[in-house]
Amino acid sequence: MKNPWLLNTILLIAGVCSTGYADQRPNIVFAFADDWGRHAGIYSEVDGSGTENDVAQTPNFDRLAKTGVLFSNAFVNAPSCTPCRSSILSGQHFWRTGRGAILQGAVWDEQIPSWPLLLKANGYHIGYTFKVWSPGRPKDAPFGSTENKYSKGGGQFNGFSQYVTKAMESGKEPRDAKRLLIGEVRKNFQSMLKEKNGKPFAYWFGPTNVHRKWIKGSGKRIWNIDPDDLQGKLPKFLPDVSEVRQDFADYLGEVAAFDAALGALIDELKLAGLYDNTIIVVSGDHGPAGFPHGKCNLYDFGTRVPLCIVGPGVKGGRIVEDFTTLPDLAPTFLDAANVTIPSVMTAKSLWPTLDSEASGLVDPNRTEVFTGRERHVAAARAGNLPYPQRAIRTKDYLYIINFKPDRFPLGDPKGLDDMTKTPTLDRLTNNTFCTLADEDAGPTKAWIVTNRNRIDVKPFFENAYGKRPLEELYDLKLDPDQLKNVAQHRDYSNVRNTLKNKLMATLEETKDPRVVNDGEYFEKQLNK
């Protein structure tokens, strides 16, 4: 990497403390929204109008992206919270993180190096607000103990629409309620800045407001996002009906709230005179929950995420088409801080791309990404069994292996015959664990499940919740919504075999336990 901070680091090592030099390595702010998929206004400009991104309100993200580098092909390694975060913190494929590869029952392996603690050991002050990695006790969490937590300014932001709605019902103006919640974000960040004591800092802002549940109608009531503006713009795997449009508008409302918080962080950096020496990275941990193809799916709606990077050393004003997965952030952060990247990291630093002046495909080696999943909700299937999948995504194709096609991908359809009863419908809207548990609850899921026997709804239900074949292959030029599986079509046999061979070779090279003894590690050792 062509590192603009190399001289400062040499001076620091040479004994700058005794000569009065300050550590001028860049600060790092990582704003990471729970359950935020690739939905931002600027992607409407990148991809063209006519999609749900036409309605997204993300002015702060959009401004950052225009001054920095916007990635159009960024993906998570796993579309489930804890495995995704395990991969980001470790800079490795999620399947290499032991019990960190699952959600419920996860335990962090302290032998795995994580970039925040590596930065701390090399002179950085680290801090976080809200969610980083969970479940996990403070002593073994990969971001360190509670001494690094900054939340005394308030935590109501995570229930954004709930708080604002309640305030409005009591007679408050929505702008006043929103101002209070954004004020919490400012106070938490300010408290971290006060304690950095002249050190460069790395701060993780991880709100969970975009994670369900949200207040019905809050998208329009709080952010003036009209559900009718989504008509004709939803992806084809979502029913274009009022209930789904409203649900999606409410989701976009929570995205708008996250974006407002991002704006507050940027303001505070500028007020403190730190903006010009801070690398800001903004992304989300997978697609939205409660929608088909989203969370816990290897389709683009579940794995493709927003990503922009801005800051010192980043040559901005570019849209980059390089394929990247979020684990690449770990070596990127370490590179920026001149910290040695552990050899165990399988991810690659993004600095060759960030340091370039080119747009489009900058790094010719970044033409594919690998994704996968194992177990999300433990009780989703009888015996706490996972739904093991791995995939390779290229510019033109998505190839998926479903290792256990006899299982239901989003959980067992237990109790579906009673779903027309109101109490059960409420559970479908609010209780993830009632049925088809891996998708999480929500109005869209409830509408599809309760109307599944209607001739016009049945295809949506079967596509989302029915069993899937061993192999899936999608021609993205002809089928961008990934609805027509061509894996068994003879015209695609060469493509299928090429992608399958490359995927399996990568899994074997990176020692994925799923391809050893029929996945015994995930099937038995982690299935406890």
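Quick notes
- Amide H contacts under 5 Å for ASP35, placed H, 5+ residues apart: ASP285, HIS286
- Each Cα pair under 8 Å and six or more residues apart adds its sequence gap; the mean of these over the residue count of the stretch 106-196 is a relative contact order of 26 percent.
- Using R0 = 30 Å, the C-beta based FRET efficiency linking ASN277 and SER151 works out to 0.75.
- Of all DSSP beta bridges in the chain, antiparallel share, percent nearest 5: 50 percent
- Cβ-derived FRET efficiency at R0 60 Å, ASN197 paired with SER242, nearest 0.05: 0.65
- Normalising the average separation of contacting C-alpha pairs (under 8 angstrom, six or more residues apart) by the number of residues puts the relative contact order of the stretch 300-437 at 18 percent.
- Three-way shape call for the stretch 289-398 based on the alpha-carbon gyration tensor, with the a/c threshold at 1.5: prolate
- For ASN365, neighbours were defined as the other residues whose beta-carbon sits under 10 Å from its Cβ, and their charges (Lys and Arg +1, Asp and Glu -1) total -1.
- SER134 paired with ASN497, simple spin-label distance in nm, labels 7 Å along Cα-to-beta-carbon: 4.8 nm
- Kyte-Doolittle at least 0.0, axis length at least 20 Å by Cα - qualifying DSSP helices, the chain: 242-271
- Amide H within-cut-off set for ILE126, under 5 Å, with H built and near neighbours excluded: ALA202
- Computed over the Cα atoms of the chain, the ratio of the radius of gyration to the Kirkwood radius (Rg/Rh) comes to 0.95.
- Cross-link table LYS233/LYS500; LYS149/LYS199; LYS233/LYS348; LYS120/LYS502; LYS236/LYS477; LYS233/LYS445, entries beyond 26 Å C-alpha to C-alpha: LYS233/LYS500; LYS233/LYS348; LYS120/LYS502
- Mean separation of Cα contacts under 8 Å (6+ apart) over length of the chain, as relative contact order %: 20 percent
- Listed values for the stretch 102-119 are Karplus-derived 3J(HN,Hα) couplings in whole Hz (6.51 cos²θ - 1.76 cosθ + 1.60, θ = phi - 60°), namely 10, 7, 6, x, 5, 9, 7, 7, 5, 7, 8, x, 10, 4, x, 6, 5, 5, and x replaces Gly and Pro.
- Global geometry of the stretch 107-263, whether rounded, prolate or oblate, following the gyration tensor of its Cα atoms and the 1.5 cut on a/c: prolate
- Among LYS196, LYS152, a tally of other beta-carbon atoms within 10 Å of each Cβ gives an order, fewest to most, of LYS152, LYS196.
- Three-way shape label, the stretch 34-152, alpha-carbon gyration tensor, a/c 1.5: prolate
- Mean-position separation - Cα centroids, the stretch 192-258 and the stretch 352-388, in angstrom: 22 Å
- Rg in Å to one decimal, and Dmax rounded to a whole Å, for the stretch 159-242 via C-alpha atoms: 17.6, 54
- Amide H within-cut-off set for ILE279, under 5 Å, with H built and near neighbours excluded: ASN27, ILE28, VAL29
- Extension gain, ASN122-GLN162: 0.36 nm per intervening residue step, less the Cα-Cα distance, totals 10.3 nm.
- For the chain, calculated [θ]222 nm from helices alone, where every DSSP H run of n ≥ 4 adds -39500 (n - 2.57): -9500 deg cm²/dmol
- Cα-projected label distance for VAL107 with ASP226, points at 7 Å along beta-carbon direction, nm: 5.5 nm
- Förster radius 25 Å - calculated FRET efficiency between LEU483 and ILE455 (Cβ-Cβ, nearest 0.05): 0.90
- Zero-based 5 Å bins, Cα pair distances in the stretch 412-468, whole percents: 4, 22, 34, 27, 11, 1, 0
Laboratory data are not the source of any read-out in this text; all were calculated from the coordinates shown. What you see is a predicted model; the values in this text were computed from it and never measured. Positions of Cβ are generated from backbone atoms using ideal geometry, with glycine treated the same way; all protein chains shown enter the neighbour counts.
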